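Quick one: structure below, then a few questions.
The values are calculated or read from the model by the stated rules, or taken from the named source; none is laboratory data. This is a predicted model, so every value here is computed, not measured. Cβ atoms come from the backbone with ideal geometry, glycine included; neighbour counts cover every protein chain shown. Accessible surface areas use protein heavy atoms only, side chains included; no ligands, DNA or RNA. Shrake-Rupley method; radii C 1.70, N 1.55, O 1.52, S 1.80 Å.
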Amino acid sequence: MVEFPVIALVVMLAGVGLLSLMLAPRVRTAEGFFAGQNEQGGAPGLLTLVFSQVTTWIFARSLLNAAILGYFYGVAGALAYSAYYGSFLTGWLIVDRLRYRYGAHNIQGFLAARFGRVGVSCYNLLISLRLLSEVFANLLVVGMVFGLAGSQAHTVAMVAVAGLTLLYSMSGGLRASLRTDVLQMGLLLVLIALLTLQALMHPLFSWPAVLASSPEWTSPGWILLAVALLQVLSYPLHDPVMMDRGFLADRGTTRRSFIHAFWLSALLILAFGLLGVFAGLQATDGEELLPALQRLLGTHAMLLLGLALVISAASTLDSTLASAAKLMVMDMGLGRPTAGSGRLAMAGFALGGLVLVFTGSQDLFDAVAVSGTASLALTPLILFCILGGREVARWSFVLTFVLAVAGAALYFLEKGGHVSLIGPWFGVEHSYAKLLVITLVILAAGLLSFFLGLKPRAPAAHTAGNSEDPNT
């Protein structure tokens, strides 16, 4: 069992929390609270957008998962998790088409015009699960840093971080999230750079050994890489945190922010994955990831690691709460479009995430299995409707959504050992091989459903009036 230097962590995190509270503005307008506009009504700049995109996608559980995959599956595991950050490139393509080809102001408007209320309801359900899972999974990591599950330190840490993040998020909404993201991203860059340098300078670190750490092409790491490449098209569309940031600035700034966020986030996640690979290569029999890192890099490294995990958790939480407020109030219309309504929505999602922490599964992978796999329902939508510009029957979208949710539920049950159906049918046993099978089946069924539901082409192409944006 690894022990983080808790007292030093608390002191440093208290300082970060105080700075975040000082940076968070008191926003009273809907434009500032839900769209992140400053006092003059201006959109966020490039650096703010890049840092906000990266730090909200460098989740605490993502850092930990990247290291765990590298630890168990070598360089293939690290590359597999890094591949998901290609979502920034596909996400930019989706946002650009929605805004400048179809003139959409959000995804719900695009869906409503094509599939009506049922299409919007399916999508809102999916992203609500995504947002709740982010609160849940990141709080789990915070608790793990401070103590064993069920311990007083574990519980207090999760409640304290959730409460502090909720406090400054309610003050300024998306505007507060954007401002604090810049601070948190700057700290995270320094922490990950220091950890990576320590590993690279260690006398036992060997690049040849790292590159040869996944020699079998049937390794679960390579299988997960294949899954990531299949999911990377649909994955960004089911993440409202990323999508929301695609509608804030002009076309040129948005494009550059997604491109820079891609290479920077992929590099940081790969660095964390390599920490796991290094620990896995040097681990003794039965030794787990964190104890191995502590033995190799020392207690001071665990302080850096703990800080990185908790800071990334807080950064993701404030962005998640801001997106939850926009979803509930602006996109679903469940309250008046005011900052007060947004604050109530934030409090509800924070409470829901805490309830899941104390009553749900303690498995980080289970936390996102349902939403991530269910997002495959969006792949045919992207290919046929957003990129292809075709109209498709409503039943096609609903059927694809139902199949994807059923596949996600099956993966959840298979991974938890509650059922065993895929192994006898397809002759595979590892959970990632099962996930690959489920992914392929969902994609094949969804694409066939959309193909059969294609409507005749309209006489004239539908284009947005502002497609001639000067920032193209």
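Is it true that some residue in the range 314-328 is more than 30 Å from Ala112 (Cβ to Cβ) and out of contact with any strand residue (DSSP E or B) (no Cβ under 9 Å at 6 or more places or on another chain)?
yes
Can Gly103 be described as crowded, with 24+ Cβ neighbours inside 10 Å and at pLDDT 85 or above?
no
Could you list, ordered by first residue, the pairs with Cβ atoms under 9 Å in which the first is in the range 209-227 and over 11 Å from Ala83 (Cβ atoms) and of a type in the set (Val, Ile, Thr) and the second is open to solvent by 60 Å² or more (accessible area, probe 1.4 Å) and modelled with pLDDT of 90 or more, at least 6 apart or interchain?
Val210/Leu281
Also, quick follow-up: Hey, could you check the range 72-89 for residues that are farther than 17 Å from Leu211 by Cα and of a type in the set (Gly, Ala, Ser) and say which is surrounded by the most Cβ atoms within 10 Å (Cβ to Cβ)?
Ranking the qualifying residues of the range 72-89, first place goes to Ser87.
Then there is this: Would you mention how many residues in the range 431-452 are open to solvent by less than 40 Å² (accessible area, probe 1.4 Å), out of contact with any Lys or Arg (no Cβ under 8 Å at 6 or more places or on another chain) and either basic (Lys, Arg) or farther than 20 Å from Leu225 by Cα (or both)?
Residues meeting the conditions: 4.
Output the residues belonging to the range 146-173 that are open to solvent by 20 Å² or more (accessible area, probe 1.4 Å), within 30 Å of Asp244 (Cα to Cα) and in contact with a helix residue (DSSP H, G or I) (Cβ under 6 Å, 6 or more places away or on another chain).
Val161, Leu164, Leu166, Met170 - these are the residues of the range 146-173 that are open to solvent by 20 Å² or more (accessible area, probe 1.4 Å), within 30 Å of Asp244 (Cα to Cα) and in contact with a helix residue (DSSP H, G or I) (Cβ under 6 Å, 6 or more places away or on another chain).
Quick check on the range 336-343. Is at least one of its residues within 28 Å of Gly77 (Cα to Cα), more than 18 Å from the chain's Cα centre (by Cα), open to solvent by less than 10 Å² (accessible area, probe 1.4 Å) and in contact (Cβ under 8 Å) with a residue 60 or more places away in the chain?
Scanning the range 336-343, I find no residue that is within 28 Å of Gly77 (Cα to Cα), more than 18 Å from the chain's Cα centre (by Cα), open to solvent by less than 10 Å² (accessible area, probe 1.4 Å) and in contact (Cβ under 8 Å) with a residue 60 or more places away in the chain, so the answer is no.
Further, regarding this structure: Taking the range 188-223 only, how many residues are among the hydrophobic types (A, V, I, L, M, F, W, C), within 16 Å of Val75 (Cα to Cα), at pLDDT 90 or above and open to solvent by 10 Å² or more (accessible area, probe 1.4 Å)?
Of the residues in the range 188-223, 8 are among the hydrophobic types (A, V, I, L, M, F, W, C), within 16 Å of Val75 (Cα to Cα), at pLDDT 90 or above and open to solvent by 10 Å² or more (accessible area, probe 1.4 Å).
Can Asn124 be described as touching a residue at least 24 places away in the same chain (Cβ under 8 Å) and open to solvent by 30 Å² or more (accessible area, probe 1.4 Å)?
Considered against the rule, which asks whether it is touching a residue at least 24 places away in the same chain (Cβ under 8 Å) and open to solvent by 30 Å² or more (accessible area, probe 1.4 Å), Asn124 comes out as no.
Can you tell me which of (1) open to solvent by 30 Å² or more (accessible area, probe 1.4 Å); (2) modelled with pLDDT of 95 or more is the one Val277 doesn't meet?
Of the numbered conditions (1) open to solvent by 30 Å² or more (accessible area, probe 1.4 Å); (2) modelled with pLDDT of 95 or more, the odd one out for Val277 is (1).
What is the residue count in the range 417-430 for residues that are open to solvent by 40 Å² or more (accessible area, probe 1.4 Å) and either at positive phi or part of a loop (DSSP other than H, G, I, E, B) (or both)?
So the count comes out to 8.
Hey, does the range 241-255 have a residue that's closer than 17 Å to Ile68 by Cα, part of a helix (DSSP H, G or I) and in contact (Cβ under 8 Å) with a residue 40 or more places away in the chain?
no
Taking the condition open to solvent by 10 Å² or more (accessible area, probe 1.4 Å), closer than 23 Å to His105 by Cα and either in contact with a Lys or Arg (Cβ under 9 Å, 6 or more places away or on another chain) or of a type in the set (A, V, I, L, M, F, W, C) (or both), does Arg251 pass?
Considered against the rule, which asks whether it is open to solvent by 10 Å² or more (accessible area, probe 1.4 Å), closer than 23 Å to His105 by Cα and either in contact with a Lys or Arg (Cβ under 9 Å, 6 or more places away or on another chain) or of a type in the set (A, V, I, L, M, F, W, C) (or both), Arg251 comes out as yes.
Conditions tested, residue by residue: (1) under 14 Å from Ile311 (Cβ atoms); (2) part of a loop (DSSP other than H, G, I, E, B).
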{"position": "Phe4", "(1), (2)": "yes, yes"}
{"position": "Leu9", "(1), (2)": "yes, no"}
{"position": "Leu13", "(1), (2)": "yes, no"}
{"position": "Gly17", "(1), (2)": "yes, no"}
{"position": "Met22", "(1), (2)": "no, no"}
{"position": "Arg26", "(1), (2)": "no, yes"}
{"position": "Phe34", "(1), (2)": "no, no"}
{"position": "Glu39", "(1), (2)": "no, yes"}
{"position": "Gly42", "(1), (2)": "no, yes"}
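Cβ-Cβ below 6 Å, separation at least six or inter-chain, first residue in the range 375-394 and at pLDDT 95 or above and open to solvent by less than 10 Å² (accessible area, probe 1.4 Å), second charged (D, E, K, R) and part of a helix (DSSP H, G or I): which pairs?
Ile386/Arg97
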